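S.K.: This is the structure, below, for whatever I ask next.
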Amino acid sequence: MTSRQKTGVHVSVPLPPEVAKEVLDVAGLCEHKNYVFWNRKDGKPKAAVDVWERAFRRVFRAAGIAGGHSHQLRDTFAVSLLQKGIPLEEVSKLLGHTSIKTTEKSYAPWVAARQERLDGLVIGTFGQGLMK
């Protein structure tokens, strides 16, 4: 559980048990108990962000993803949920957005399944006297 730094909105996302175990194992190694992935006792939050940004750049480079950045993981999470049928409103909450309009602006165009569902709903009304 955490709060979005920009919006202050509470966010909680369950993890698969095997991932949660790994995170808890790493947490036990950390010097700074309020943060799982931060080992700097006297470090500033910005320093921790810089460390992780550099680490992600190395990972993306090693994976052959030119110009990769950590926000792509967030984007992938959101689009994956939407493509699996999780409602936009719920994804918006998981991302910590204060307004669903933010989520729609960024992610609705990527959800082909949404149009397919809408088409199916309309087609399902054929023969039910909708146009009488």
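The values are calculated or read from the model by the stated rules, or taken from the named source; none is laboratory data. Just so you know, these numbers come straight off a predicted model, no measurement behind them. Every residue, glycine as well, gets a Cβ built from its backbone with ideal geometry; the counts of neighbours run over all protein chains shown.
S.K.: Of the numbered conditions (1) surrounded by 14 or more Cβ atoms within 10 Å (Cβ to Cβ); (2) part of a helix (DSSP H, G or I), His97 satisfies every one except a single condition; which is it?
M.R.: (2)
S.K.: Does at least one position in segment 17-27 carry a residue that is over 16 Å from the mean Cα position of the chain (by Cα), modelled with pLDDT under 80 and over 27 Å from Leu118 (Cβ atoms)?
M.R.: yes
S.K.: Given the residues Val91, Val79, which is the only one that is under 29 Å from Ala63 (Cα atoms), part of a helix (DSSP H, G or I), touching a Leu at 6+ places or on another chain (Cβ under 6 Å) and free of Cβ contacts under 8 Å to residues at least 60 places away in the same chain?
M.R.: Val91
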